[in-house]
Amino acid sequence: MHKPVKERLEEYLRGMREGSALADFHSHVGECERCRREVQAMEAQAGLLRVLAAPEEIEPRAGFYGRAMEAIEARRRASVWFAFLDPTIGRRLTFASLGIVLLLGSYLVFVQQEPSFEASSPVTFMAAEPASRLVGADPQQDRELVLVSLASYQE
Amino acid sequence: MSGLASALHLPVTGGFAQAKSKLDHRQYNEESALIRRVQKGDELAFREVVDRYQSKVHSVIYGILRNRNDAEDIAQQVFTKVYFSIGSFDSRSSLLTWIYKITVNECYDYLRKRRVRKLVYESDFSEEDTLHLTRSEAAVDKHPSVESDLARRDYVLKLLSRVSEEDRSLLLLKEVEGHSVEELAQRTGMNQNTIKVKLFRARQKLLKAARRLGDSPRSGAAH
């Protein structure tokens, strides 16, 4: 469809037939068969669409608002989130959630506890506060010091 | 809303335009205030919305479905949807336009479900039952004009199901509700050129759908 027709098509379909605004429209449609056929088809189509117009304005039956609110309440109750507001279900969910949190918390606490080392292991020894490292003062300590040095020696 | 000026095809200028603009502005502010109250959960405000638009909604549904009982059921669904969705309504279009779109969409959802139910229901029939049903339908004495009205309506509904929801609403607002391009631009928040382009494309899609279905209601309505 050509521009002069496209621009004024809606006014024409609305029932406007005369006026300077439609001069170009009418002039083109008179000359262009393709545009004329398309305009006629759209005019017929527009008339067909009007079959969906209600013959008169329909008034709802009395009490419509009440029934609409009942439908809204029914939907609200059915909604998943409303379950949390329900006293019985909400309480159960709360206790269940607390139980899960306690379990998880306990598990994390136990898992993250520091590992226990044996008192005589090299790591414990190396981490221990040096009391007095006077050589010869404590033969046992000296022996362990030598052993740790040997064990941790790296080329 | 089109008024005397458009009936006489006079350009809207001067004092009349200013008065019209003031009235539109006041109506817009009033509507915005009402929407805000509903969004905050004010039940009285929601009641006002229902009272204002219930007749329109019922009429639109009846125009499409031609059944009063269905009109009530679907109208309830429309206002339920309005209630739960108004929080996300951004006031780009007018409230009526938004409710109108919801109404048309609910009608189409209903028609889709009814078609599926009919197929499921009929699939349980034996060949003998189907034959009996077809014969008894043909034997009913239907008034020819009612029959052709129904056929035309079914055909139009079928055509409209081939376009997008937005195009469908625009076409119905233009042709069934009788709004001008200017009014549609105000109601939808789009500019007039955009409306014209969308309408033109929607009409072309309908013509294409009509060619595929068969150009007349009779050939299109038969399954």
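Given the condition over 30 Å from B:Lys205 (Cα atoms), small (Gly, Ala, Ser), outside any helix (DSSP H, G or I) and modelled with pLDDT of 80 or more, answer yes or no: does some residue in segment A:78-101 qualify? Quick ask: steps written out before the conclusion?
Start the filter on segment A:78-101 by keeping residues that are over 30 Å from B:Lys205 (Cα atoms), which leaves A:78-101.
Subset that is small (Gly, Ala, Ser): A:78-79, A:83, A:90, A:96-97, A:99.
Cutting the leftovers down to outside any helix (DSSP H, G or I) gives us A:79.
Subsequent filtering for residues that are modelled with pLDDT of 80 or more retains none.
No, segment A:78-101 has no match at all.
Among A:Gln40, A:Gln45, which is surrounded by fewer than 16 Cβ atoms within 10 Å (Cβ to Cβ) and within 26 Å of B:Val156 (Cα to Cα)?
One residue alone meets the criteria, A:Gln40.
Checking the conditions here, which among B:Glu175, B:Glu165 is closer than 20 Å to B:Ser94 by Cβ and in contact (Cβ under 8 Å) with a residue 12 or more places away in the chain?
B:Glu165
Filtering segment A:12-33 down to residues that are touching a residue at least 12 places away in the same chain (Cβ under 8 Å) and either in a loop (DSSP other than H, G, I, E, B) or not aromatic (Phe, Trp, Tyr) (or both), which residue is surrounded by the fewest Cβ atoms within 10 Å (Cβ to Cβ)?
Looking at the filtered set, the residue picked out is A:Ser27.
Which residues, counting only those in segment B:78-106, are surrounded by fewer than 22 Cβ atoms within 10 Å (Cβ to Cβ) and farther than 19 Å from B:His179 by Cβ?
Residues satisfying the conditions are B:Thr80, B:Lys81, B:Tyr83, B:Phe84, B:Ser85, B:Ile86, B:Gly87, B:Ser88, B:Phe89, B:Asp90.
Hey, could you check segment B:164-179 for residues that are over 13 Å from B:Val60 (Cα atoms) and surrounded by 18 or more Cβ atoms within 10 Å (Cβ to Cβ) and say which is farthest from the chain's Cα centre (by Cα)?
Only one residue fits best here, namely B:His179.
Which numbered condition trips up B:Val82, out of (1) within 13 Å of the chain's Cα centre (by Cα); (2) at the interface with chain A (Cβ under 10 Å from one of its Cβ atoms)?
(1)
I'd like to verify a number: residues in segment B:180-203 that are surrounded by 16 or more Cβ atoms within 10 Å (Cβ to Cβ) and not hydrophobic (A, V, I, L, M, F, W, C), how many?
Here the count works out to 8.
What number of residues in segment A:34-74 are assigned to a helix (DSSP H, G or I) and either within 7 Å of chain B (Cβ to nearest Cβ) or over 15 Å from B:Ala75 (Cα atoms) (or both)?
Residues flagged as assigned to a helix (DSSP H, G or I) and either within 7 Å of chain B (Cβ to nearest Cβ) or over 15 Å from B:Ala75 (Cα atoms) (or both) within segment A:34-74 amount to 27.
The values are calculated or read from the model by the stated rules, or taken from the named source; none is laboratory data. Everything numeric here is computed off the predicted structure, so don't read it as measured data. Glycine gets a Cβ as well: all are built from the backbone with ideal geometry, and neighbour counts include every protein chain shown.
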